[in-house]
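These notes are about the structure you will find just below.
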Amino acid sequence: MTYETILYDVSENILTITLNRPDKLNAFTGTMMNELIDAFDRADADDAVRAIIVTGAGRAYCAGADLSSGAKTFDFAAREDRPDKQGTPRMAGGDIDWSHESVRDGGGRVSLRIFACLKPVISAVNGAAVGVGATMQLPMDIRIASEDARFGFVFNRRGITPEACSSWFLPRLVGISKALEWTYTGRIFSAQEALEGGLVQKVCKPGELLPAARELAREMVDNCAPVSLALTRQMMWRMLGAEHPMDAHRIDSRAIYARGASADAKEGVMSFLEKRPANFTNKVSSDMPSFFPWWEEKPYR
């Protein structure tokens with residue numbers, strides 16, 4: 001796919017995805033949705049990509065949905081540029097088929113794709129991150145922000161509701177009270193408040209943001225086994241919804257058993273004993289253990 005709204009750059013095993021509509025403050029469109037999903041598909045399939053950074057071009061990260069359609073912006077059935085191409089969700093009697101593909105939220109499609117990613121994802125928030133610009137970051141693993149960054153879950157001020165699966169992610173990241181305050185008020189808040197509220201892990205001076213993101217990514221790329229990172233990412237995220245620690249014990253046990261016999265585990269131990277950098281050779285594309293993805297098991301064992 002040729003990208004129109006994002007940049008895709010791999011350097012030293014780190015992929016940087018840059019939202020690239022700077023003249024529109026990187027506002028989110030159906031095209032951007034499709035390109036982001038494709039970029040994460042591409043990254044998962046490429047063993048040269050070991051970590052991912054997402055940032056924005058110009059002075060914004062993403063200022064939310066593109067509002068150029070005016071009053072039709074969120075009336076997806078009325079828009080000619082709607083992100084789906086699935087026709088009308090109306091049934092013969094005129095009622096809406098709520099299970100129809102065209103009802104699905106575009107931001108949620110992106111969030112779900114990021115959630116399924118097999119590589120660590122760092123969000124480097126360089127400027128305004130509002131609406132979907134805030135919610136698309138929630139399934140990313142680590143968020144760091146420039147002092148210039150601003151956040152806003154502004155949906156109630158636009159007459160809609162939070163989207164992009166944020167009703168699942170946001171309370172898990174910052175707690176229910178903070179999530180409700182930010183979404184109920186819809187106000188814009190600073191990077192410092194985002195730090196204090198647990199939404200971001202670090203606030204940097206503007207010129208230090210991307211170097212800090214790359215330094216963090218390098219820690220992962222240089223020192224950790226890609227298959228172990230892929231498993232850890234999915235184990236941590238998916239256990240947020242587990243009913244009992246036994247669910248985690250089952251997957252932990254499988255992962256330790258499978259990884260313990262791997263070439264990577266042997267290399268990890270020997271490189272430590274020999275006081276040298278590890279050279280992990282197992283690949284995400286070919287060496288994930290046979291129980292993965294465990295959440296697709298029916299019945300669950």
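The values are calculated or read from the model by the stated rules, or taken from the named source; none is laboratory data. Model, not experiment: these values are computed from the prediction. Because the Cβ atoms are built from the backbone with ideal geometry, glycine has one as well, and the counts that use them run over all protein chains shown.
Computed quantities for the displayed model
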item	result
Search result, residues across the stretch 1-17 that are within 11 Å of residue 62 (Cβ to Cβ) and part of a strand (DSSP E or B)	6
Helices (runs of 4 or more DSSP H) wholly inside the stretch 153-256 containing at least 3 residues that are under 29 Å from residue 285 (Cβ atoms)	209-223, 226-239
Test: residue in the stretch 139-150 that is farther than 18 Å from residue 54 by Cβ, among the polar types (S, T, N, Q), in contact with a helix residue (DSSP H, G or I) (Cβ under 8 Å, 6 or more places away or on another chain) and touching a residue at least 12 places away in the same chain (Cβ under 8 Å)	no
The stretch 137-154, subset more than 13 Å from residue 191 (Cα to Cα) and touching a strand residue (DSSP E or B) at 6+ places or on another chain (Cβ under 7 Å), residue surrounded by the fewest Cβ atoms within 10 Å (Cβ to Cβ)	142
Residue among 208, 215, 196 that alone is under 20 Å from the mean Cα position of the chain (by Cα) and assigned by TED's automatic domain parsing to the domain that holds residue 59	215
Scan of the stretch 266-285 for residues that are small (Gly, Ala, Ser) and in contact (Cβ under 8 Å) with a residue 12 or more places away in the chain, ordered by number	268, 278, 285
Qualifying residue in the stretch 274-283 (condition: assigned to a helix (DSSP H, G or I) and under 21 Å from residue 224 (Cα atoms))	no
Residue check for residue 129: assigned by TED's automatic domain parsing to the domain that holds residue 21, of a type outside the set (Phe, Trp, Tyr) and either within 30 Å of residue 89 (Cβ to Cβ) or not in a helix (DSSP H, G or I) (or both)	yes
Residues (more than 22 Å from residue 214 (Cα to Cα) and out of contact with any helix residue (DSSP H, G or I) (no Cβ under 7 Å at 6 or more places or on another chain)) located in the stretch 1-21	2, 21
Residue in the stretch 34-51 that is in a strand (DSSP E or B) and surrounded by 18 or more Cβ atoms within 10 Å (Cβ to Cβ) present	yes
Residue check, residue 135 more than 11 Å from the chain's Cα centre (by Cα), without any contact (Cβ under 8 Å) to a residue 60 or more places away in the chain and outside the structural domain of residue 241 (by TED's automatic domain parsing)	no
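A quick yes/no check of all residues on (1) surrounded by 13 or more Cβ atoms within 10 Å (Cβ to Cβ); (2) touching a residue at least 60 places away in the same chain (Cβ under 8 Å):
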site: 170; (1), (2): yes, no
site: 173; (1), (2): yes, no
site: 192; (1), (2): yes, no
site: 204; (1), (2): yes, yes
site: 207; (1), (2): no, no
site: 217; (1), (2): yes, yes
site: 248; (1), (2): yes, no
